[in-house]
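The values are calculated or read from the model by the stated rules, or taken from the named source; none is laboratory data. None of the values given here were measured: they were computed from a predicted structure. Ideal geometry is used to build each Cβ from the backbone, glycine not excepted, and the neighbour counts take in all protein chains shown. Remember, those area values only see protein heavy atoms, side chains included, never the ligands or the DNA or RNA. Shrake-Rupley method; radii C 1.70, N 1.55, O 1.52, S 1.80 Å.
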Amino acid sequence: MHVSEGQLKEFIIDSGLVAKKDIDAAAEEATKKGQSLADILVSRGSLTDDALRRIQAYVFGIPFVNLKEHHVPIEVLALIPEPIARTHNIIAYKKGNDSLEVAMLDVEDLASVDSVRKKTGLKILPRLTDSESIKHSLLQYQKSLKDEFGDIISTEAGKIRLVADGTKDLSGDDLKKMAEDLPIVRIVDTLLRHAISQSASDIHIEPMENEVLVRYRIDGMLHDAMTLPKNAAAGIVARIKILANLKLDEKRLPQDGRFKMETEADRVSFRVSILPTFYGEKTVMRLLRETGEGFTLEALGLHGENMEHIHHALQQTTGIILISGPTGSGKTTTLYTMLDILNRPDVNISTVEDPIEYQMKRVNQTQVNPDIGFTFANGLRSLVRQDPDIIMVGEIRDSETASLAINAALTGHLVLSTIHTNSAAGAIPRLIDMGVEPFLLVSTIRVIVGQRLVRKLCENKKEYELDKVARAKIASDAEFDVVLNSLRAEKLVKEDAAVNDLRFYRPTPSTESEDGYKSRIGIHEVLAVSPAIREIMLHTSTTDSIEAQAKKEGMLTMFEDGLYKAARGITSIEEVLRAITE
C-alpha cells in the first residue's frame with residue numbers, strides 16, 4: 001500500500017487537523033531532508049501518530065476501529081497471546097466463522113499477520129487502530145489472566161484429595177503420587193505461568209496454620225497473590241521438588257535446585273530454595289529470564305559523567321571494574337550489560353558465576369558447585385589458563401577470590417565482578433579487610449559502581465512543588481544544588497534555572513498499576529579512581545575520606561542521583577528514600 005506525498009498532503013489539508021502554512025513548511029523540510037511529510041509533521045508535533053493513522057486508514061480504505069467501544073470476549077482476545085499482542089501491537093477483537101478481525105498500529109506488519117494466521121488457521125482481516133485502544137486492550141488481558149488463573153486454581157484446589165494431617169510422615173511414594181495428581185500439576189503450572197505474566201522476580205509459597213499463602217515479588221515489592229487450602233501444601237512442595245530434581249522425603253534440611261519452563265514469549269529458569277518452617281516447608285523461587293541481550297547502560301539509568309567513566313573503564317584492556325550493592329540491587333544485570341558491550345568477535349570472554357542468570361552468546365559461562373569443591377576461587381584459577389581477555393567473576397566473597405582477581409588484572413586481563421557493600425567507596429576498605437594490599441588495589445581498580453533499584457512512576461503521575469522547608473527535611477541545599485548542576489550540564493533545565501524551579505512527582509494509582517509504579521531503574525554512584533583517590537587508598541583507605549574526595553571531583557552519590565531522577569519525573573522522592581535507607 002502506497003500513497004503519494006501529494007495525495008497525502010491533500011488529505012491532511014482536507015482533514016483540517018494541521019494549518020496549511022505548517023503543512024507547507026513541513027513539506028519544504030521533508031524535501032530538504034529526504035524524509036516523508038508525515039514523519040516531519042509528527043516530529044514537529046503538528047500531527048499525532050494516532051491522527052496520522054486515522055488519515056492513513058481513510059486514504060487506504062482500511063476500516064479504523066476504536067477498541068474502547070468494543071467488548072472483546074476473553075476467548076477471542078486469548079487467540080493472540082498477551083506477550084505477542086504487546087510486542088507487535090496487534091489485538092484480536094472479532095471472530096467470524098472462518099475469519100478473525102485484528103486491530104493493529106501498522107497494517108503493513110505482514111510478519112505478525114502471517115504468524116497469527118498460522119496460529120489460528122483463520123483468514124486475518126487487519127484493521128487500523130490507535131495506541132490508546134491497544135493500551136485499553138492490554139489492560140483487559142491483565143484482568144482476563146487474573147480471572148482465568150483464579151478460576152483454574154479455585155477449581156483445581158477443590159479436586160485435591162484430602163490427606164492426613166500428619167503430612168510429615170508421608171512416604172516418598174505417597175508424595176510422588178500426590179505430586180502427579182492432575183489438580184496439583186495444574187495448580188503449580190498455573191502459579192508459574194501467572195508469575196511470568198505478572199513480571200514477578202520471585203514466588204513465595206508459605207505454609208500457614210490453616211492455609212497456604214502465595215506471594216509474588218514485583219518491582220522489588222512483595223504482593224499477596226492468592227491463598228490455597230492447607231491440604232494443597234504437601235502436594236505443591238512435592239511437585240516443585242520433582243521439577244527441581246530434589247529429594248521428596250527430605251523435610252528436615254534446606255534444599256536448593258532449579259528447573260526451566262518455556263511460554264509463548266519467554267524461556268524462564270526457576271531457582272528453587274526450600275526451607276523447613278514451623279508449619280511446613282516454605283518454597284521460594286527466583287525467576288530468571290534467560291536472555292542477557294537488549295539492555296543498555298542508558299536503560300539501566302546511567303547518564304552524564306557516570307556513563308563516561310564506565311565507557312572509559314570498558315575501553316581498558318586490564319584492571320578491575322566492580323559493582324557494589326546489597327542482594328537484589330541489580331548488580332548482575334549491570335555486569336551482563338557491560339559484557340554485552342564488550343562482547344566482540346576479537347575477544348575471549350569467560351565467566352564463573354553462581355548461578356548463571358542469563359545465557360549469552362559467544363561467552364564461556366561456568367557454574368560454581370561448592371558441593372564438589374568447585375568454588376569461585378577454583379573456577380577463577382582455571383579460567384586464567386583458558387587464554388581469556390575478559391573475565392567476569394560473579395562475586396568476590398573471600399580473600400582467595402579477591403587475590404586471584406587482583407592477580408588476573410595485573411597479568412593482562414580486564415576483570416568484572418561484584419562485591420557486597422553499601423556504597424562504592426565502601427568496596428575499598430572491604431577488599432583491604434579481605435587481606436588485599438592497598439598498593440595492589442591502586443594498580444588495578446579502574447571504577448567502582450554503587451547501585452540500588454527504585455520503582456519508576458507510571459505516566460499518569462501528579463506534579464507538585466517542593467518548598468524550602470520540605471526540601472530541608474529531605475536533603476541539604478548543597479545536595480539539591482548538585483542535582484540542579486547535573487540537570488544543567490545535561491541541558492535538561494535552563495541555564496538560569498533555580499532550585500525553586502524544580503518539580504517533583506507523586507504516584508497516581510490507576511487500573512494499570514494499583515500503586516502508580518511500573519518497572520524499575522537503577523540509581524548509581526560511579527567512583528572513578530583518580531590520582532588523589534589512589535593516595536587516600538594507600539594511606540587512610542577509610543570510606544568517608546574516599547567518598548569525600550570523590551564528591552570533590554564531581555561524583556554524584558546514589559542519593560543525589562535518586563533526587564536527579566525524581567526531578568526528571570522518573571521516580572518519586574519517597575521511593576528514593578526507601579531504596580537508600582533499606
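Counting only protein heavy atoms and using a 1.4 Å probe, what share of the accessible area of region 160-289 belongs to carbon plus sulfur, as a whole percent?
The C+S portion of the solvent-accessible surface of region 160-289 is 48 percent.
With every protein chain kept in the model, how would you rank Asp477, Asp515 by accessible area, 1.4 Å probe, largest at the top?
The most accessible residue leads, giving Asp477, Asp515.
Provide the gained length on full extension for the span Asn422 to Asp22, in nm with one decimal, where the gain is 0.36 nm per separating residue minus the Cα-Cα distance.
138.6 nm
First check a/c for region 391-545, with a ≥ b ≥ c the square roots of the eigenvalues of its C-alpha gyration tensor; if it is under 1.5, answer rounded, and if not, answer prolate when a/b is larger than b/c or oblate otherwise.
The shape class here is prolate.
Rank these residues by their accessible area, most exposed first, probe 1.4 Å: Arg568, Arg534.
Largest to smallest exposure gives the sequence Arg568, Arg534.
If R₀ is 25 angstrom, what is the calculated FRET efficiency for the pair Gln198 and Glu290, using the beta carbon separation as r and rounding to 0.05?
Efficiency, rounded to the nearest 0.05: 0.85.
Lys20: which lysines have alpha carbons under 22 Å from its alpha carbon, excluding same-chain residues fewer than 8 sequence positions away?
Partners found: Lys9, Lys32, Lys33.
So, R0 is 41 Å and r is the distance between the beta-carbons of Thr318 and Asp371; what FRET efficiency does that work out to, to 0.05?
Calculated transfer efficiency: 0.75.
What FRET efficiency would be calculated for the residue pair Ser519, Thr540, taking the C-beta separation as r and a Förster radius of 41 Å, to the nearest 0.05?
0.50
What does the charge count around Arg430 come to, taking other residues whose C-beta lies under 13 Å from its C-beta (Lys +1, Arg +1, Asp -1, Glu -1)?
So the environment of Arg430 carries a net charge of -2.
At a 10 angstrom cut-off on C-beta neighbours, averaged per residue, how do the peptides 332-343, 73-84 rank from highest to lowest?
For the peptides 332-343, 73-84, the packing ranking is 332-343, 73-84.
Obtain the nm distance between the two label points defined at Glu298 and Leu125 by a simple spin-label model: each point lies 7 Å from its Cα along the Cα-to-C-beta direction.
4.2
Could you give the length gained on full extension between Lys468 and Asp398, defined as 0.36 nm per residue of separation minus the Cα-Cα distance, in nm?
Gain on stretching Lys468 to Asp398: 20.6 nm.
By average Cβ neighbour count within 10 Å, what is the ranking of 21-28, 305-312 from highest down?
Result, highest mean Cβ count within 10 Å first: 305-312, 21-28.
Work through the residues other than Ala532 whose Cβ is under 10 Å from its Cβ and net out their charges, Lys, Arg +1 and Asp, Glu -1.
Once positives and negatives cancel, what remains is 0.
Quick check on packing: order 518-529, 377-388 by the mean number of other C-beta atoms within 10 Å, highest mean leading.
518-529, 377-388
Under a straight-distance cross-link criterion of Cα-Cα below 20 Å, which lysines are reachable from Lys461, leaving out those fewer than 8 residues away in the same chain?
Lys135, Lys518, Lys565
Do you know the relative contact order of the chain, to the nearest whole percent, from alpha carbon pairs under 8 angstrom that are 6+ apart?
Value for the chain: 9 percent.
So for the pair Met208, Ser36, with labels modelled 7 Å out along Cα→Cβ, what separation do we get in nm?
Placing both labels 7 Å beyond Cα along the Cβ direction yields 5.6 nm.
What is the distance in Å between the Cα centres of region 72-115 and region 417-468?
After rounding, the separation between the Cα centres reads 44 Å.
Give me the distance in nm between label points sitting 7 Å out from Cα along the Cα-to-Cβ direction at Asn348 and Lys361, one decimal.
Modelled inter-label distance: 2.2 nm.
Rg and Dmax of the chain over Cα atoms: what are they, in angstrom?
Over the chain's Cα set, Rg and Dmax evaluate to 27.9, 84 Å.
Which value at 222 nm does the chain reach when only helices count, each DSSP H run of 4 or more adding -39,500 (n - 2.57), with the total divided by all residues and rounded to the nearest 500 deg cm²/dmol?
-12500 deg cm²/dmol, from helical runs alone.
So for the chain: antiparallel DSSP bridges make up what percent, rounded to the nearest 5?
Here the antiparallel bridges make up roughly 65 percent for the chain.
Sequence gap at least 6, Cα distance under 8 Å: using those rules, report the relative contact order of region 160-289 to the nearest whole percent.
Taking the mean separation of contacting Cα pairs over the length of region 160-289, I get 24 percent.
So how much slack lies between Lys118 and Val185, counting 0.36 nm per residue of separation and subtracting their Cα-Cα distance, in nm?
So the extension gain works out to 21.2 nm.
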